[in-house]
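Have a look at the structure below, then the notes.
The values are calculated or read from the model by the stated rules, or taken from the named source; none is laboratory data. Treat the numbers as computed from the prediction; the structure is a model and nothing was measured. Using ideal geometry, Cβ is built from the backbone for each residue, glycine included, and neighbour counts are taken over all protein chains shown. Side chains included, ligands, DNA and RNA excluded: accessible areas come from the protein's heavy atoms. Shrake-Rupley method; radii C 1.70, N 1.55, O 1.52, S 1.80 Å.
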Amino acid sequence: MNSANRLRPPSLLALLVLFSAAASAPRPASAQLARADTAAVLLAAARDFDDRGEGDIAAALYRHVADRFPGTDAAAFALGRLQGVTARRSQAGGEVELKVWSALYGIWQGIAVPIAADAESAEAFGMGLLLGGPLGFLAGREMARSRPRSLGQARAITWGGTWGAIQGWGWAKALDLGKVGRDYANLGYDVESEDVEATEAVFASMIAGGAAGIAGGLVWARREITPGTATSAMLGSLWGMWFGFSTAFLADVEGDGLIAASMLAGNAGLVAGALAGSRLPLSRGRARIISVGGVVGAFGGLGLTLIGQPDDEKAAMSLILASSVAGLAVASAATGGDRDGPNERGDAAGASPLPAPGALLSWSDGDWAFSTPLPSPVLESPRRGADGHGLVWKFPLVKLRF
């Protein structure tokens, strides 16, 4: 269990004080507790948690006040404080993003560099694997320390390096970098000659492309980038690559032209996704749901082709392409009512790897997590023969989010 999710003594003390105050209050005063007063009590508890450094608990209470008591002064204040907590959690998530990705990227570099250098000894690969991960981790930590970066800024850097390596592979293939002619006739084969691709050139191109992508991500990360914008740009590049490939295939483009079309369309999708994420109310969650809709549509089209067994490959590709576009459109329309502000809810969730606390056991987006059960006040209808409403504090044990 993550130590951040364990109940620390200050949190326990604050909860006991809050619960004791509610339990010891005179019954008539509790019965007459107004909606705005309840919100103010919860806001005071949230600020206390925030001052103690309990960011997750404070964010959950701020969100509860903003959701359950809209229109009150406490809700407006809670929304402003929630944005501050979200920004701090986003910076923490950005630091983790840089460290984890750079360590994995360093391991990949430890393999790619010896291949690009045409190393043949096992010692060269051993040294690469031994040094790649630690050096990559240290580089990521230095990037995180040199300048505080939010989760969106960090993902601009990490996806820049990943996308740059993909581009390096694609253009090495499309431009036939490092290919040489080999005469098979002199070797006793019937085939006279064949182009043989130099693996070293491909890996060298991927290394150069990754470095260029990281540099571009660092430049882009000089401005504030929301997680929704970064996710939209990443998914846009992947969808652009698919649209470029499928469209070129339907246009009878073959061989290296297919790869070149995919790379160009992927870059166009990257730009379009970044613009869409920055100018539309597109949160990280909505961008992912729209993308999942496209994937579901594409696989649905693939299923129809397997059932119908069309004779023409272009007809099958057209059906898969149309189904993916339809899935994206349907998912986009279905989530069009998600107007929670400029990426507030989706990005707040993306700023932390675990669901927001509130229940002892939480499930969200396929992840289980333990957290502190937060008390929630509810005005209960009076029982038969009793006067007024009663204030009931509920402690949720299980929370499921679909």
Seminar exercise, completed: In segment 278-289, anything more than 17 Å from the chain's Cα centre (by Cα) and either surrounded by 18 or more Cβ atoms within 10 Å (Cβ to Cβ) or charged (D, E, K, R) (or both) is listed as Arg279
Problem set entry | Single match in Asp312, Asp256 (criterion: surrounded by fewer than 18 Cβ atoms within 10 Å (Cβ to Cβ), modelled with pLDDT under 90 and in contact with a Lys or Arg (Cβ under 8 Å, 6 or more places away or on another chain)) | Asp256
Exercise. Taking segment 290-309, which residues are more than 26 Å from the chain's Cα centre (by Cα) and open to solvent by 30 Å² or more (accessible area, probe 1.4 Å)?
Worked result: Leu302, Leu304, Leu306, Ile307, Gly308, Gln309
Exercise. Here are some residues: Ala165, Ala154, Ala185. Which one is modelled with pLDDT under 90, buried (at least 20 other Cβ atoms within 10 Å of the Cβ) and hydrophobic (A, V, I, L, M, F, W, C)?
Worked result: Ala154
Exercise. So which residues in segment 139-151 are surrounded by 23 or more Cβ atoms within 10 Å (Cβ to Cβ) and in a helix (DSSP H, G or I)?
Worked result: Gly140, Leu151
Problem set entry | Hits in segment 90-124 (condition: touching a Gly at 6+ places or on another chain (Cβ under 8 Å), open to solvent by 30 Å² or more (accessible area, probe 1.4 Å) and either among the aromatic types (Phe, Trp, Tyr) or at pLDDT below 90 (or both)) | Lys99, Val100, Trp101, Tyr105, Trp108
Problem set entry | Single condition Leu264 does not satisfy, out of (1) assigned to a helix (DSSP H, G or I); (2) under 13 Å from Ala156 (Cα atoms) | (2)
For this session: Provide a single number: the residues in segment 228-253 that are within 18 Å of Gly213 (Cβ to Cβ) and open to solvent by 60 Å² or more (accessible area, probe 1.4 Å).
Result: 2
Seminar exercise, completed: Condition set among the hydroxyl-bearing types (Ser, Thr, Tyr) and part of a helix (DSSP H, G or I), scope segment 196-226, selection modelled with the lowest pLDDT: answer is Thr199
